[in-house]
Amino acid sequence: MNKQQFLNALAEALKKLPREERYRTLSYYDELIDDRIEDGQNEYAVVESLGSPEAIAGDIFGSEEAEKTKKEYGKGAKIWIIVLLILGFPLWGSLLLVAVLLVLVAYILLYLPIVILGALALGFLGASVLGIVGTPFLIAEIGIQNSAGGIFQCGSSIALLGLSILCTVALVYTTKGIVRASKAIWRGCTAGFRKRRIAG
């Protein structure tokens with residue numbers, strides 16, 4: 001059987017298919033045979049290797065039946081899935097809530113050092129400003145002769161200002177590190193979902 005006879009027989013066997021799908025299938029086999037002939041194979045050998053047109057049509061109709069069955073099964077399965085989701089909500093809903101709360105707590109704990117360092121930096125800064133501004137008033141109150149308390153307060157205020165600067169520097173580096181860490185954690189959490197979506 002040559003190529004044209006094969007295609008005519010295949011077209012006859014595929015009469016029940018919709019016209020567009022029949023032409024698509026015939027075009028596929030036409031190109032397939034032409035490609036193999038261009039590769040140096042014999043036309044009759046190529047047609048023989050494809051099998052009979054009736055067998056090909058049987059495979060195509062069999063796969064269509066399987067698709068119809070899958071669609072019918074899919075409708076019933078979707079209904080059962082919805083029913084199971086509704087009935088199982090007390091279980092999976094509470095588990096989902098716990099998972100969301102755990103993630104929220106993890107993020108709160110992750111960002112807690114930023115809040116603590118920020119509060120310390122502001123507290124030390126406020127105390128140092130008050131100490132430095134209050135030093136002249138303290139010296140005026142206790143007198144120049146007993147100014148050791150005023151000098152101590154001024155020195156303590158400068159030390160608090162240094163602590164405030166240290167906390168600010170630590171806050172900047174900690175913030176950068178925590179933001180990087182939280183991005184990495186988020187990428188790690190969403191990577192599993194992305195892989196499932198690509199696989200699905």
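Take L102 and tell me if it is of a type outside the set (G, A, S), modelled with pLDDT under 90 and either over 30 Å from L160 (Cβ atoms) or surrounded by 10 or more Cβ atoms within 10 Å (Cβ to Cβ) (or both). Against the criterion (of a type outside the set (G, A, S), modelled with pLDDT under 90 and either over 30 Å from L160 (Cβ atoms) or surrounded by 10 or more Cβ atoms within 10 Å (Cβ to Cβ) (or both)), L102 does not qualify. Scanning the range 105-145 for residues that are surrounded by 11 or more Cβ atoms within 10 Å (Cβ to Cβ) and of a type in the set (S, T, N, Q) gives S128, T135. Among residues of the range 148-167 that are under 12 Å from L125 (Cβ atoms) and assigned to a helix (DSSP H, G or I), those with a beta-carbon under 9 Å from a residue that is at pLDDT below 85 and of a type outside the set (A, V, I, L, M) at least six positions away or on a different chain give the pairs S157/T135.
The values are calculated or read from the model by the stated rules, or taken from the named source; none is laboratory data. In this text, all values refer to a predicted model and were calculated from it rather than measured experimentally. So basically every Cβ, Gly included, is an ideal-geometry build from the backbone, and we count neighbours across all protein chains shown.
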